[in-house]
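Student: Below are the structure tokens for one structure; questions will follow.
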Amino acid sequence: MSQIEEVRGGSGYASQNDPRVIFGLGKKNRAELIEIRWPSGKIQKLKNVPAK
């Protein structure tokens, strides 16, 4: 399964969007891989992340 979500900063004066991203995992109790692509171009990979 693959899920994608884009997060952006605030879009107005003195405002900010919620930085949290929520994905459903169904019956799984952990995400096998989370890949984060930062604005700088850096890619961060997190493996076997437990569900909360």
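The values are calculated or read from the model by the stated rules, or taken from the named source; none is laboratory data. Quantities reported herein were computed from a predicted structural model and do not represent experimental measurements. Backbone-built Cβ (ideal geometry, glycine too); neighbour counts: all protein chains shown.
Student: Need the failing condition index for ASN48 against (1) part of a loop (DSSP other than H, G, I, E, B); (2) loosely packed, with under 10 Cβ neighbours inside 10 Å, just the number.
Tutor: The failed condition is (1).
Student: Still on this structure, I have one more. List every residue pair whose Cβ atoms sit under 7 Å apart, with the two residues 6 or more apart in sequence or on different chains, where the first one lies in segment 19-30 and is under 11 Å from LYS52 (Cα atoms) and the second, anywhere, is at pLDDT 90 or above and outside any loop (DSSP other than H, G, I, E, B).
Tutor: LEU25/ALA31; ASN29/PRO50; ARG30/ASN48; ARG30/VAL49; ARG30/PRO50
Student: Let me ask something additional. Taking segment 23-45, which residues are assigned to a loop (DSSP other than H, G, I, E, B) and either in contact with an Asp or Glu (Cβ under 8 Å, 6 or more places away or on another chain) or surrounded by 10 or more Cβ atoms within 10 Å (Cβ to Cβ) (or both)?
Tutor: Narrowing segment 23-45 to residues assigned to a loop (DSSP other than H, G, I, E, B): 23-29, 38-42.
Within segment 23-45, PHE23, LEU25, LYS28 meet the criteria.
Student: Still on this structure, I have one more. Say whether the condition of being part of a loop (DSSP other than H, G, I, E, B), surrounded by 10 or more Cβ atoms within 10 Å (Cβ to Cβ) and either in contact (Cβ under 8 Å) with a residue 24 or more places away in the chain or not basic (Lys, Arg) (or both) is met by at least one residue in segment 3-15.
Tutor: Within segment 3-15, one or more residues are part of a loop (DSSP other than H, G, I, E, B), surrounded by 10 or more Cβ atoms within 10 Å (Cβ to Cβ) and either in contact (Cβ under 8 Å) with a residue 24 or more places away in the chain or not basic (Lys, Arg) (or both).
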